[in-house]
């Protein structure tokens, strides 16, 4: 259970589905830089994300995207202001996902005071470990951007 | 969905079903009002868990198989643990057993509530999704979210975390939870029980599509309790066997159109059903008086034949799970130690528990060093696939006159009756309806 703090970085993905592991890789880099206390990994079940928004003021979500953009593209969305496109951060039809969680929380007035999404466009979601080169580059960029922001 | 209809020839195609666990599809072709072909197809890639278990130490298996599913990891953890314990001739009883049952109640609560109110309820009320539902019924969705949170909380206290808990091992637990943490669940479980009753009554006001079938219900049954994590395997037509004989009576077959194996009853063409409706049909007499009363109040008889009422059964089971969890917390006795020593070698063992979606069977053959030689896992959704296809035939026949979009709606609703966990079954969904 997330104990609650001002800042929470939610890294969402599956390391064993290639580029779906982008966000966990961002989390690894942030932990290596001493930001582990703010970082938590998630498998993408939306209500779990929402549960932790109850106890954090500033939330950054990092996820892999599958929107048709060039792999490695970094999408930045201020989720307090803009909707997260359905199926955007939702590689499969699993569960109740990230986009649904944000929009459900908005409908129920349960969004945290600050909620920003970094979504890294993936190129390969096959089974197996390892990021594609362009996603690896984007991971480093997002990690650095978050480090500077927090 | 594609509509290639011309006069009495229609084609409907939907390529990805939403609000189910995993990736699957339905293909349906109708010719002059007659169903020519119907396939419930699971296209999520196979994950070969059984193969990757071969050569692993018996103690690794529960944590590996937990990764099959993020919604029902307890089913895999405990079925695997029981199989290893059976191979070693060890029984886990008393307070350790009660702690396992309490954790399993947590899994039923979080899984049932997620499905009933965030995935399935919108179907009955004409909403596209839970977001639309929440705009008109925010109090219902907020309460459902809180109940799910309390289910997760049980798993966090006992298992270390809600998703893929890490504190379970063959023989028991790596470490015992603090008594104060167990006792600290009391107030949330009491609130959850009262709220579960309220939301169960909410399902009593839903309209259910007209459809009935005589289901062959297969479930666990335990002599002393509503079976959750232990029991013999029984069927509504009289089968009553120990878990170790499962493979003598049940098998799986591969069909070309699906990546998931289809469960079959040996020597029979009749599909069978596992899950909440099967459990209710077989074991309704063992529910608590409170759960039986609320079931009767919302219109459930002793046997459920309309699969669309599965949402009500899930909520009755949620009432039971909160009540049972509360009992286990109030009666909690700290085990003498966190686990029993279990060292299986050169043996085979079987385990079976009631995942939220139905029985989850495991068998492991172990070598002299306790390493896995053969692994066999039969998840609930694989067993339900044939019955889902049979239901779809019936639903389409009865609702043939509906326009394509409404027919698609009721078909998807019918599939969600089973809360299919496609991820578990692949070793699963898109919807195509073709009228030619």
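Read the figures in this text as sums done on the coordinates, not as results from a lab. For clarity, every value in this text was computed on a predicted model and none was experimentally measured. A quick note on method: Cβ atoms are made from the backbone with ideal geometry, for glycine too, and the neighbour counts reach across all protein chains shown.
At a glance:
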item: Separation in nanometres of the label points that stand 7 Å from Cα toward Cβ, at residue B:237 and residue B:67; result: 3.9
item: Antiparallel %, DSSP beta bridges [both residues in chain A], to 5; result: 20
item: Stretch gain in nm, segment residue B:367-residue B:406, where the contour uses 0.36 nm per residue and the Cα spacing is subtracted; result: 8.6 nm
item: Antiparallel content of DSSP bridges confined to the protein assembly as shown, in %, to 5; result: 65
item: Size of region B:135-277 as Cα extents on the principal axes (Å, biggest first); result: 51, 46, 35
item: Relative counts (whole %) of C-alpha pair distances in region B:211-287, using bins that are 10 Å wide; result: 18, 48, 29, 5, 0
item: Per-residue average of Cβ from other chains inside 10 Å of B:143-153; result: 3
item: Relative packing of peptides B:194-203, B:296-305 - highest average C-beta neighbours within 10 Å first; result: B:194-203, B:296-305
item: Chain B - mean residue ellipticity at 222 nm from DSSP helices (-39,500 (n - 2.57) per run, n ≥ 4, rounded to 500); result: -13000 deg cm²/dmol
item: Per residue convex hull volume, Cα atoms of region B:319-431, in Å³; result: 144
item: Hydrodynamic radius of region B:253-312 per Kirkwood, over alpha carbon pairs, in Å; result: 13.7
item: √(5λ) per eigenvalue of the Cα gyration tensor, region B:81-204, largest first, Å; result: 33, 16, 12
item: Förster radius 51 Å - calculated FRET efficiency between residue B:253 and residue A:6 (Cβ-Cβ, nearest 0.05); result: 0.40
item: Normalised contact order of region B:49-382, rounded percent, pairs of Cα under 8 Å and 6 or more residues apart; result: 29
item: Cα coordinate range in region B:49-382, projected on the principal axes (Å, largest first); result: 60, 52, 35
item: √(5λ) per eigenvalue of the Cα gyration tensor, region B:62-107, largest first, Å; result: 18, 15, 5
item: Sequence-separation-based contact order of region B:212-314, relative, with Cα cut under 8 Å and 6+ spacing, percent; result: 30
item: Additional length obtainable on full extension of the chain from residue B:132 to residue B:60, 0.36 nm per residue less Cα span; result: 21.6 nm
item: Geometric extent, Cα atoms of the protein assembly as shown - Rg, Dmax (angstrom); result: 23.2, 73
item: Gyration tensor verdict on region B:184-228 (Cα atoms; rounded if a/c is under 1.5, prolate if a/b is larger than b/c, oblate otherwise); result: oblate
item: Translational D in µm²/s for chain A (Stokes-Einstein at 10 °C, 1.306 mPa s, Kirkwood Rh from C-alpha pairs); result: 106
item: Counting DSSP beta bridges with both ends in region B:49-382, the antiparallel % (nearest 5); result: 95
item: Efficiency of FRET from Cβ geometry, residue B:161 and residue A:129, R₀ 30 Å, rounded to 0.05; result: 0.85
item: Relative contact order, percent, chain A [alpha-carbon distance under 8 Å, six or more residues apart]; result: 34
item: Cβ neighbours within 10 Å from other chains - mean over A:99-106; result: 4
item: Residue B:179 versus residue B:345: modelled label distance in nm, points set 7 Å from Cα along the beta carbon direction; result: 3.9
